[in-house]
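Encoded as structure tokens, the structure appears first; notes follow it.
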Amino acid sequence: MPFLCVVLGRKLSILSSDKQYWELSKMSMADEPLYPIAVLIEELKNDDIQLRLNSIRRLSTIARALGEERTRRELIPFLSENNDDDDEVLLAMAEELGVFIPYVGGVEHASVLLPPLETLCTVEETCVRDKAVESLCRIGSQMRESDLVEYFIPLVKRLAAGEWFTARVSACGLFHIAYPSAPETSKTELRSIYSQLCQDDMPMVRRSAASNLGKFAATVEYTHLKADVMSIFEDLTQDDQDSVRLLAVEGCAALGKLLEPQDCVAHILPVIVNFSQDKSWRVRYMVANQLYELCEAVGPEPTRSELVPAYVRLLRDNEAEVRIAAAGKVTKFCRILNPDLAIQHILPCVKELSSDSSQHVRSALASVIMGMAPVLGKEATIEQLLPIFLSLLKDEFPDVRLNIISKLDQVNQVIGIDLLSQSLLPAIVELAEDRHWRVRLAIIEYIPLLASQLGVGFFDDKLGALCMQWLQDKVHSIREAAANNLKRLAEDFGPEWAMQHIIPQVLEMSNNPHYLYRMTILRAISLLAPVMGPEITCSNLLPVVVTASKDRVPNIKFNVAKVLESIFPIVDQSVVEKTIRPCLVELSEDPDVDVRFFSNQALQAIDHVMMSS
């Protein structure tokens, strides 16, 4: 019945039918250490969800205040009976209880945490149940074997026999914790119960059983694995729900690693071959993702005779989603095969996929195809893969081109820079002017790597002009990347090269009529100055910056202040006092408020460094 209790002069309305809490509330008036749990009770009955949530997240603090014994005797029973109907609060409770063993007195008292989590395993919200199962697994893995037998295994049995499907769904995730410590008779019973869950009337229960089968199987003795677990697995593979069958596909890889090769060939291989032709595309999609993992489990001969044809079917599947999954694994699959087998069976499919009607298939292929070059070797790469690379580099879909560009270094390692430059560089130069700015950005970010591979001479002839051209791109991100690119090139090729090939052209652009491009040059100077050193900075770069301080555009002038702030640590103090400080003092009197702000900020930075030195 509802009742009122007074805690330190405050009236708390608490809904409870348990006499324990009535006694607790009366005692709290005289016994101050009980105050935390009384406040917890109040806050958990509050209408404000945030208050209830904060209270749950402070459970560890409350437990420390109560002490281990009172936490076991008062706090945990209260949480077991707390029937908050808000999923967010229940989720937080499930998470907190998972790390609560130290607050109840250690592993010898861990069993007191099971009742509230058992209740949470039966709620309707999936994320709450999942978190409760996760916490139970964490607690169960720390419990003593005798406590597992006395408390944990009965809990699993109760959930597995639950009337509502949610309890049975949760039970499936706990068997791998309960089984290793169970007596022989209980092990037989647990295997039988799991088998029943795999044949449950509710598809949700069968899905949970299928997804947890691999973890459970890893704890089962090998003789029972071959007999009982494989029987369970075969039932799941023939389920009429495709959502159950696709989870059984995941079990194929897990079980394949547990079985001996001959048993894997006998039990798993026929299933996976059938799944590759399943009527549901979702099942075939899962097979395409998992197939390469089975190759090692079954050995080379079954892979050649059974799995390669299955994979070829998936690469040519009617559904684009299946082809995407299969194309994304083509390099991993080829690494398992010998090169001749890959060239004979997989490469023809790769050629077909490079002109697939779905841009997403082509994109998935482009993201991995470069990795095939080391697998196939130089000759096959030149003859077979290079034409496919060129085709994908000219694809109309930007993501396809991006995926090829980002992996060019893998091809370079195989075919060498001369052939790469002859065959692919014209396409790269063409992409440098692509109408999609993200493609141009990807090319810029790849340029330093390409430059280091090509060498200085080749770079100057073919790519140098492009790097300067990007400084005047219409998109700010491209101009910013181009400035960073110049810095990286100067670092790679050295200040002398930069002085000959970068600095003169950069300084020439400082008089561009468009203020945005003049700002880009200032940005490039601030990045290049630390690489070029104090001498070149003082003689070549600083005069351009000082000249820009007279610009009529305020944005240029406050960027001048920023540049001067960044380069003054590089130069001598005499240069700071004769050139940089006077320039900043003049800018600090500018009519524009932003120019004054950044110039004063730069002056303060200079003063701070001078004082500290």
Study note, to complete from the structure: Subset of region 282-301, residues surrounded by fewer than 20 Cβ atoms within 10 Å (Cβ to Cβ), free of Cβ contacts under 8 Å to residues at least 40 places away in the same chain and part of a helix (DSSP H, G or I), comes to 300, 301
Practice item. Could you please find all residues in region 125-172 being among the basic types (Lys, Arg) and closer than 18 Å to residue 204 by Cβ? Key: 129, 131, 168
Review point. Can you find a residue in region 459-468 that is within 32 Å of the chain's Cα centre (by Cα), within 30 Å of residue 521 (Cβ to Cβ), modelled with pLDDT of 70 or more and surrounded by fewer than 21 Cβ atoms within 10 Å (Cβ to Cβ)?
Key: no
Review point. Can you pull out the residues in region 225-243 that are over 17 Å from residue 273 (Cα atoms) and open to solvent by less than 50 Å² (accessible area, probe 1.4 Å)?
Key: 225, 229, 232, 243
Review point. If a residue has to be among the small types (Gly, Ala, Ser) and touching a residue at least 40 places away in the same chain (Cβ under 8 Å) to count, how many in region 384-406 make the cut?
Key: 1
Review point. Is it the case that some residue within region 79-88 is in a helix (DSSP H, G or I) and closer than 23 Å to residue 204 by Cβ?
Key: yes
Point to revise | Among the residues listed as 251, 328, the single one being of a type outside the set (A, V, I, L, M, F, W, C) and surrounded by fewer than 21 Cβ atoms within 10 Å (Cβ to Cβ) | key: 328
Revision key, fill the gap. A careful count of residues in region 586-605 that are of a type in the set (Val, Ile, Thr) and closer than 16 Å to residue 548 by Cβ gives 1
Exercise for review: Just name the residue that is nearest to the chain's Cα centre (by Cα) out of those in region 42-57 that are in contact (Cβ under 8 Å) with a residue 40 or more places away in the chain and surrounded by 13 or more Cβ atoms within 10 Å (Cβ to Cβ).
Suggested key: 56
Practice item. Kindly indicate which of 350, 322, 308 is open to solvent by less than 50 Å² (accessible area, probe 1.4 Å), farther than 20 Å from residue 273 by Cα and either in contact with a strand residue (DSSP E or B) (Cβ under 8 Å, 6 or more places away or on another chain) or assigned to a helix (DSSP H, G or I) (or both). Key: 350
**Study point:** Those residues of region 254-270 which are open to solvent by less than 20 Å² (accessible area, probe 1.4 Å) and aliphatic (A, V, I, L, M), in sequence order
**Key:** 255, 259, 268, 269
Practice item. State whether the residues of region 523-546 include one that is open to solvent by less than 60 Å² (accessible area, probe 1.4 Å), out of contact with any Gly (no Cβ under 9 Å at 6 or more places or on another chain), part of a helix (DSSP H, G or I) and over 20 Å from residue 487 (Cα atoms). Key: yes
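For (1) of a type in the set (S, T, N, Q); (2) assigned to a helix (DSSP H, G or I); (3) over 28 Å from the mean Cα position of the chain (by Cα), each residue gets a yes or a no:
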{"position": "355", "(1), (2), (3)": "yes, no, yes"}
{"position": "367", "(1), (2), (3)": "yes, yes, no"}
{"position": "379", "(1), (2), (3)": "no, yes, yes"}
{"position": "382", "(1), (2), (3)": "no, yes, yes"}
{"position": "396", "(1), (2), (3)": "no, no, yes"}
{"position": "403", "(1), (2), (3)": "yes, yes, no"}
Exercise for review: Could you please find all residues in region 589-606 being among the acidic types (Asp, Glu) and either open to solvent by less than 60 Å² (accessible area, probe 1.4 Å) or in contact (Cβ under 8 Å) with a residue 40 or more places away in the chain (or both)?
Suggested key: 590, 592, 594
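The values are calculated or read from the model by the stated rules, or taken from the named source; none is laboratory data. As the structure is a prediction and not an experimental result, all values here were calculated from the model. FYI the Cβ positions are ideal-geometry reconstructions off the backbone, even for glycines, and counts take in every protein chain you see. Keep in mind that these areas ignore ligands, DNA and RNA; they rest on the heavy atoms of the full protein, side chains included. Shrake-Rupley method; radii C 1.70, N 1.55, O 1.52, S 1.80 Å.
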